[in-house]
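The values are calculated or read from the model by the stated rules, or taken from the named source; none is laboratory data. Small disclaimer: the values here were computed from a predicted structure and weren't measured. With ideal geometry, Cβ positions are generated from the backbone for all residues, glycine too; neighbour counts draw on all protein chains shown.
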């Protein structure tokens with residue numbers, strides 16, 4: 001699971017394979033390892049923002065065809081909910097950290113807006 005340090009004090013956490021699942025996992029050791037990396041980035045680089053991303057047709061989630069039977073809307077709703085839960089876990093673990101969530105599909109990138117767990121809302125990034 002790559003964690004890299006982009007410009008402007010943000011840590012980009014790729015959840016394309018494991019990140020959201022790790023943050024949501026019951027196995028605390030795996031979650032704490034990821035949180036330790038984020039804390040380290042905050043200490044060393046003054047990171048103030050985390051970016052969580054999931055993409056369509058992700059094999060780690062079973063893929064669009066197999067898991068969601070080709071229903072792109074059901075897949076997007078599921079991934080938005082996963083991002084929302086992962087964001088809540090991250091914010092609870094590191095108060096004050098700004099968390100931005102993105103869902104990427106074959107049409108582009110979509111911002112998953114705060115509070116979208118009940119009724120997922122997305123918008124194109126500005």
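See the values below:
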{"item": "Number of the exception - residue 17 against (1) at pLDDT below 60; (2) within 16 Å of residue 104 (Cβ to Cβ); (3) in contact with a strand residue (DSSP E or B) (Cβ under 8 Å, 6 or more places away or on another chain)", "result": "(3)"}
{"item": "In the range 84-104, residue farthest from the chain's Cα centre (by Cα) [restricted to those that are under 15 Å from residue 34 (Cβ atoms) and surrounded by 17 or more Cβ atoms within 10 Å (Cβ to Cβ)]", "result": "97"}
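Condition check ((1) surrounded by fewer than 19 Cβ atoms within 10 Å (Cβ to Cβ); (2) more than 18 Å from residue 106 (Cα to Cα); (3) modelled with pLDDT of 90 or more) across all residues:
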residue	(1), (2), (3)
66	yes, no, yes
74	yes, no, yes
79	no, no, no
82	no, yes, no
